[in-house]
Amino acid sequence: MPLEGQPIFELANECRQVRREDSPIPPNPFAPNSASKHFVLVNFLQALLAIVLGNLAYFLLAAHFGLPRHRPFQPDAGLLVDFFICLGFYALIRQTRKK
């Protein structure tokens with residue numbers, strides 16, 4: 001119940017401030033604005049690099065090894081192979097960044 005003359009959002013803000021200061025419960029790590037901009041940018045660049053390298057490797061290997069050809073805007077075996085190549089590059093990039 002909001003207090004007389006006090007909007008509900010102001011009361012919610014006061015409750016959040018009291019909880020942060022007095023509560024032993026740690027803040028929610030999945031709450032909005034909890035990730036730093038640097039971490040989000042690094043994660044995005046890692047994913048982008050994995051996709052570019054994976055697609056480049058797929059198109060170079062597809063010609064030499066007869067991998068299934070991917071047709072745009074259609075799910076097929078080539079899309080699945082391309083996905084797993086990109087996933088492999090992403091895992092490799094993440095592992096090398098952790099070291």
Practice prompt. Take the residues in region 25-59 that are within 14 Å of the chain's Cα centre (by Cα) and surrounded by 12 or more Cβ atoms within 10 Å (Cβ to Cβ), then tell me which one is modelled with the lowest pLDDT.
Written response: A35
Worksheet item: Looking only at region 72-93, which residues are modelled with pLDDT under 85, assigned to a helix (DSSP H, G or I) and surrounded by fewer than 12 Cβ atoms within 10 Å (Cβ to Cβ)?
Response: A77
Item to complete: Check region 61-68 and report whether any residue there is at pLDDT below 80, of a type in the set (A, V, I, L, M, F, W, C) and surrounded by 13 or more Cβ atoms within 10 Å (Cβ to Cβ).
Response: yes
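The values are calculated or read from the model by the stated rules, or taken from the named source; none is laboratory data. Keep in mind it's a predicted model, so treat the numbers as computed, not measured. So basically every Cβ, Gly included, is an ideal-geometry build from the backbone, and we count neighbours across all protein chains shown.
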